[in-house]
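Rule-based calculations on the coordinates, nothing more; no lab input. Note that this is a predicted model, so its numbers are computed, not measured. Cβ coordinates were reconstructed from backbone atoms using ideal geometry, including for glycine residues, and neighbour counts include every protein chain displayed.
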């Protein structure tokens, strides 16, 4: 900035900048420190990172001599007790099947189903399955679940029919 000299030859102090002009000017950011930090972090992670060399290796315990055919044959576990529920919209009741046997539509049918489940449990099967169609009311599913718990079934699974048209049989 030029300094104007007064008539006596003394230098005048410089003028202060206008605040409007200061707001209009864009602030200048220096990127050098930020780039330095990024490169330092990049170098740090490159030096401290560990490369995995065993990507294709599975940690499995395989037999070394092959299959031992001298082991005693263990019988397969008994199949689970399957309780099938199908809704009958004509009478507003649910068909209850234990295994392949129809037990009936009413509460007496649930008592008969409980007896059949207890008979199946005596054969050694502690597992059971409830197969309910999509239109079976939840009340019937809960009653069946309570029946299986009352029969002291240890493992209860819920399954579904693969064929949606089978629900209306």
By average Cβ neighbour count within 10 Å, what is the ranking of 109-116, 40-47, 81-88, 27-34 from highest down? 81-88, 109-116, 40-47, 27-34
Rounded, prolate or oblate: which one fits the stretch 81-168, using the alpha carbon gyration tensor with axes a ≥ b ≥ c (rounded when a/c is under 1.5, else prolate when a/b beats b/c, else oblate)? prolate
Projected label distance in nm at residue 40 and residue 135, using a 7 Å step from Cα toward the beta-carbon: 7.3
Given R₀ = 22 Å, FRET efficiency for residue 73-residue 101 by Cβ-Cβ distance, to 0.05? 0.10
Can you tell me how much longer the chain between residue 108 and residue 146 gets when fully stretched, taken as 0.36 nm per residue apart minus their C-alpha distance, in nm with one decimal? 12.2 nm
